[in-house]
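The values are calculated or read from the model by the stated rules, or taken from the named source; none is laboratory data. Being a predicted model, the structure only gives us computed values, none of them experimental. Neighbour counts are summed over all protein chains in view; Cβ atoms, including those assigned to glycine, are modelled from backbone coordinates with ideal geometry. These accessible areas exclude ligands, DNA and RNA; they are computed on the full protein's heavy atoms, side chains included. Shrake-Rupley method; radii C 1.70, N 1.55, O 1.52, S 1.80 Å.
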Amino acid sequence: MLPDFRLEAYFSRWEFAAKYHLTASDAQTMSLRELLSLADADGLARWDELQLGYTQTYGLPELRSAIASTYANAAAEDVLCFAGASEAIYLAMRTLLGPGDHAVVLTPNYQSAETTPLSVCPVTGVALRPEEDWALDLAAVRAALRPATRVVSVNFPNNPTGTVPDPATWRQLAELCDERGIYLFSDEVYRGLELPPLVPLPQAADLSPTALSLNVMSKAYGLPGLRIGWIVCRDRALLRRLERAKHYTSICNAGPSEVLALIALRAGQRILDRNRQIVAANLPLFDAFFARYSDLFDWQPPCGGCVAFPRYLGTDGVEAMCAELVEQAGVLLLPASIFASALTATPADRFRVGVGRRDPAEALACWAHWLDQRRLSRPFP
Ligand SMILES: Cc1ncc(COP(=O)(O)O)c(C=O)c1O
């Protein structure tokens with residue numbers, strides 16, 4: 001049995017009820033009309049003539065080619081599409097791991113990265129180090145490996161911390177997994193939102209012949225409603241096993257979503273540029289907000305991606321602050337408990353904010369007003 005997915009359960013209660021979603025993990029989305037205005041002639045013809053039958057389990061061939069073209073070393077045959085990144089995480093962990101195996105997972109993380117492997121086999125957590133800007137501790141990963149380790153699962157840019165390792169450490173991690181015959185499962189769903197001078201890390205599937213690169217239209221591209229994700233892996237026998245597993249879940253993707261994802265990827269650089277500009281315009285607003293309340297918050301903008309994990313210093317604690325803020329002012333954040341891990345201690349004084357949605361000024365003003373009122377009625381910290 002899988003435990004409740006805390007983040008999704010919290011979102012069931014608040015995502016569409018709160019007035020301000022200030023913890024969104026996706027970049028600003030767009031309308032169907034806006035997306036279609038980016039289409040080339042072939043994309044528009046596909047959209048107009050679309051037949052609503054079943055589609056291929058691996059994914060629309062042209063979509064697989066468009067996805068492959070975003071990698072340095074992958075062909076269309078190395079791509080398998082899924083219903084979002086979530087389906088891919090679930091099926092990959094259930095396919096790669098068996099009861100006698102062992103996995104290593106970084107913390108903090110997107111919960112299914114941890115609870116899905118834990119439902120199959122023993123898992124060791126390796127904590128990113130908050131005291132060193134959430135650095136990846138390669139020695140700790142190495143120390144966690146066992147003869148039975150089959151999978152090392154990572155996510156960079158990381159949700160919720162926004163951290164990205166330095167390229168040398170990243171390459172060493174891929175090499176370490178290759179040397180030991182371990183699958184590196186790399187969740188890269190925030191890749192592409194890095195702001196200059198930072199450049200995106202090489203994708204795991206480009207670095208290693210057996211690594212699995214997970215990506216999706218949901219986050220950096222801001223199109224989660226399409227529910228189109230994918231795994232790129234040059235181990236085609238493994239990809240075939242994953243395809244077989246998909247026969248038990250979604251069988252194939254939604255045809256309209258495949259065409260829309262194809263249109264979006266063909267305009268991919270324009271969409272990523274737009275979304276990076278939104279993040280770049282937002283960050284000074286967050287910087288100013290947190291500077292104004294520097295006695296209450298310890299803020300560090302994300303290195304990559306569009307989420308950050310600042311510290312709350314108020315004596316009432318972050319859980320109370322987030323609960324009262326959404327109930328009284330309609331501003332949604334995610335408190336530390338949502339990112340608690342069964343594997344390692346995770347900081348209890350953090351919360352996640354999202355910086356990828358357009359125009360956060362009103363939400364920040366509402367939060368500021370609430371803090372000011374609260375300070376008047378009960379001084380804190
Ligand atoms: C790191 C990470 N991986 C995977 C997912 C799942 O993405 P999707 O909504 O496309 O299934 C999320 C969603 O928040 C995420 O943050």
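Observations
- Mean separation of Cα contacts under 8 Å, 6 or more apart, over the residue count of the range 1-158: relative contact order %: 19 percent
- Solvent exposure, largest accessible area first (probe 1.4 Å, DNA, RNA and ligands not counted), of 375, 236: 236, 375
- With the cut-off at under 19 Å, measuring from each backbone N in the range 87-113 to a point 7 Å along the Cα-to-Cβ line of residue 345 picks out 106-109.
- Largest to smallest accessible area among 247, 102, 21 [probe 1.4 Å]: 247, 21, 102
- The residues of the range 295-381 have, on average, 39 Å² of accessible surface per residue, using a 1.4 Å probe with all protein chains present.
- When only Cα pairs below 8 angstrom with a gap of at least 6 residues are kept, the chain shows a relative contact order of 25 percent.
- For the range 11-95, the list of trypsin sites (Lys or Arg not before Pro) that fall in a loop by DSSP and count at most 14 other C-beta atoms within 10 angstrom reads 19.
- The solvent-accessible area of residue 149, taken with every protein chain present and a 1.4 Å probe, is close to 10 Å².
- When the solvent-accessible area of the chain is split by element, carbon and sulfur atoms take up 54 percent of it, the probe being 1.4 Å.
- Counted residue by residue at 0.36 nm each, then reduced by the alpha carbon distance between them, the extension gain from residue 131 to residue 69 reaches 18.5 nm.
- The modelled label-to-label distance for the pair residue 36/residue 148, using points 7 Å beyond Cα in the direction of Cβ, is 5.4 nm.
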